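Structure first, then comments.
The values are calculated or read from the model by the stated rules, or taken from the named source; none is laboratory data. Remember, it's a predicted structure, so these values are computed and weren't measured experimentally. Cβ placement follows ideal geometry from the backbone for every residue including glycine, while neighbour counts extend to all protein chains displayed.
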Amino acid sequence: MFIKKYPIIVLLFLILTSLILMRQVQFIMDSEKMNVLMISIDALRADHVGIYGYNKNTTPNIDNFARNSYIFRNAYTMVPMTHPSLFTFMTGRTPFESRIISNTDIGPSYNNKTLASILSEYGYDTSAFVANEAVLSQGFNTFKFQLFKSYYIDEQGRELYIQNKESDYEAFMHRAIQSIGQNKNKPFFTWIHLMDNHAPYYPEEELRCKFNLKYCVETKKSSAELENLRAEYQMCQATVPKERVELMKALYDGGISSADTIVGKILEELRIKGVDKKTIVIIYADHGEGFDHNYYFSHREVLYNSAIQIPLIIKDPRKVISKRIDREVQNADVLPSILDLLNIPYERNSYTGRSFASSFYPFPVSLVPGKQDKFHYFVNSSWTKFAISNGRYKYIYSLPQSCLNNNQIEELYDIKEDRNESHNLLGKNAILAKELKQALLKYLARYNLPPSINEPSKSLNSTPKSNTEDSIRLEEMKSMGY
Ligand SMILES: [Zn+2]
């Protein structure tokens, strides 16, 4: 009856359905050929990247790349520390689930599938070049790591090199770039991790005062001097003169510029090898870096945006577009999103992270909502600070033994209007703060958190050590303050 009465509507419906099916088939066919390249830049604050609004030209290559990409303007790491953050990226497991919040927590990574192990099962050639530690090697056919300028400062302030110097890092990155797409018989998943702008903020000479000529004289200090200075600033409640902050920022920006140059070379290699049209590229950071609130120059212990907000830029050559996405996303969301973009099936409820692939393809990916939660949660690297965000407001709860900003145990910020989190709204908006606190405590209770004040954080880590090599590397890393 309906067909006879409304033949045109039925015809249109059939045409539309066919088009959708054709696009789905095309998407699946294309997915089978897509490579994945992940480039992580350690300690890169989102707000020091041009495309995120920085007023200095630190990242011309990344900005150029972003012109045809999806730019996540509100991307966060759930924990502002290298290994825990990268672990979350690579496994889709939140730090609350994995109990991995510090660099010395190896944890149950070997009981979880990593993105590399999943893609390896799907026939990918998986390789990683990590200028850091060998802590996420699971699933990679090739895994190379090399400590970045791996020295420590001894008691006399001397730089003692463990392995490498700057030239070694350059050679390592050169090898990483050359390796891209070498195996022509398989799609590839390559992960390259850069460390150029990480402390001790000591880029090559021409970059040291590139972003602040006023401090050129100052930047001639040795890296040992600068590192000692930075260590002082890491003390809780240290008062840091403004010019010192600017000096450190200028050096840090020089490091970002160095990383950006390498990113440019990596992207150029994709073009030279002719695989840029077949490669999904993800540029991101594991966490940010301090420089504000005048008392903490690092990332691991605080939950301000400076430490947890990260750049996240994704280019999918099947859909060349420049799109800014405002929805709040986290590092735990990346793994399920990549699987969706590659059309690799998985049990949606097995990940707490929420796929954001629907931002790319509204209909070909059949997204069944996983566990939905309107909030996002964060923890520092010692179980002493916890935060919750509803996308507009962020509430931070600190245990008394943690480093406190102006003795504030509880903080509430309007992160849309006050990106630097300089106005604690706790007194002005006590009702909202209470609501957020209750939601936070309810979430933490699921994981038996927070621990009692006197409980050492180590006791939370009931996870086994995994293998000897990683344990040794982690001890080295710990001794170096990573
Ligand atoms: Zn890091």
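Considering the conditions (1) part of a loop (DSSP other than H, G, I, E, B); (2) within 23 Å of Lys265 (Cβ to Cβ), Asp63 is excluded by exactly one of them, (1). When you look at Ile180, is it away from the ligand (no atom under 16 Å from the Cβ), among the aliphatic types (A, V, I, L, M) and at pLDDT 80 or above, yes or no? The answer is yes for Ile180. Tell me yes or no: at least one residue of the range 145-165 is modelled with pLDDT of 70 or more, in contact with a strand residue (DSSP E or B) (Cβ under 9 Å, 6 or more places away or on another chain) and either more than 16 Å from the ligand (Cβ to nearest atom) or outside the structural domain of Ile256 (by TED's automatic domain parsing) (or both). No, the range 145-165 has no match at all.
Going by the structure shown, is Ile118 in a helix (DSSP H, G or I) and away from the ligand (no atom under 15 Å from the Cβ)? Please lay out each step first, then the result.
Working: in a helix (DSSP H, G or I): yes; away from the ligand (no atom under 15 Å from the Cβ): yes.
Against the criterion (in a helix (DSSP H, G or I) and away from the ligand (no atom under 15 Å from the Cβ)), Ile118 qualifies.
Apart from one condition, Ala199 fits all of (1) in contact with a strand residue (DSSP E or B) (Cβ under 8 Å, 6 or more places away or on another chain); (2) within 16 Å of the ligand (Cβ to nearest atom); the exception is (1). Go through the residues of the range 63-71 one by one and say whether even a single one is within 17 Å of the chain's Cα centre (by Cα) and within 15 Å of the ligand (Cβ to nearest atom). No.
Yes or no, residue by residue, for (1) crowded, with 24+ Cβ neighbours inside 10 Å; (2) of a type in the set (A, V, I, L, M, F, W, C):
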| residue | (1), (2) |
| --- | --- |
| Ala46 | yes, yes |
| Asn55 | no, no |
| Arg67 | no, no |
| Thr91 | yes, no |
| Glu97 | no, no |
| Ile100 | yes, yes |
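Exactly one residue among Phe360, Phe356 is touching a strand residue (DSSP E or B) at 6+ places or on another chain (Cβ under 7 Å) and modelled with pLDDT of 90 or more, and that residue is Phe356.
Filtering the range 175-186 to residues that are exposed (fewer than 15 other Cβ atoms within 10 Å of the Cβ) and part of a helix (DSSP H, G or I) leaves Arg175, Gln178. Checking Phe172, Phe189, Phe211 one by one, the residue that is part of a loop (DSSP other than H, G, I, E, B), in the same structural domain as Phe297 (by TED's automatic domain parsing), more than 16 Å from the ligand (Cβ to nearest atom) and not aliphatic (A, V, I, L, M) is Phe211 and no other.
Could you tell me whether any residue of the range 221-229 is basic (Lys, Arg) and at pLDDT 85 or above? The answer is no; no qualifying residue exists. Scanning the range 72-97 for residues that are over 15 Å from Val302 (Cβ atoms), within 16 Å of the ligand (Cβ to nearest atom) and in contact with a Lys or Arg (Cβ under 8 Å, 6 or more places away or on another chain) turns up just one, Phe87. Against the test of being closer than 28 Å to His198 by Cα, among the acidic types (Asp, Glu), at pLDDT 50 or above and not assigned by TED's automatic domain parsing to the domain that holds Pro95, the options Glu435, Glu421 yield a single qualifying residue, Glu421.
Please pick out the residue among Leu312, Leu251, Leu303 that is away from the ligand (no atom under 16 Å from the Cβ) and either crowded, with 24+ Cβ neighbours inside 10 Å or touching a residue at least 12 places away in the same chain (Cβ under 8 Å) (or both). Just a single option satisfies the conditions, and that option is Leu251. Annotation: of all residues in the range 254-287 being within 16 Å of the ligand (Cβ to nearest atom), within 25 Å of Leu339 (Cβ to Cβ) and among the hydrophobic types (A, V, I, L, M, F, W, C), the one that is nearest to the chain's Cα centre (by Cα) is Ala285.
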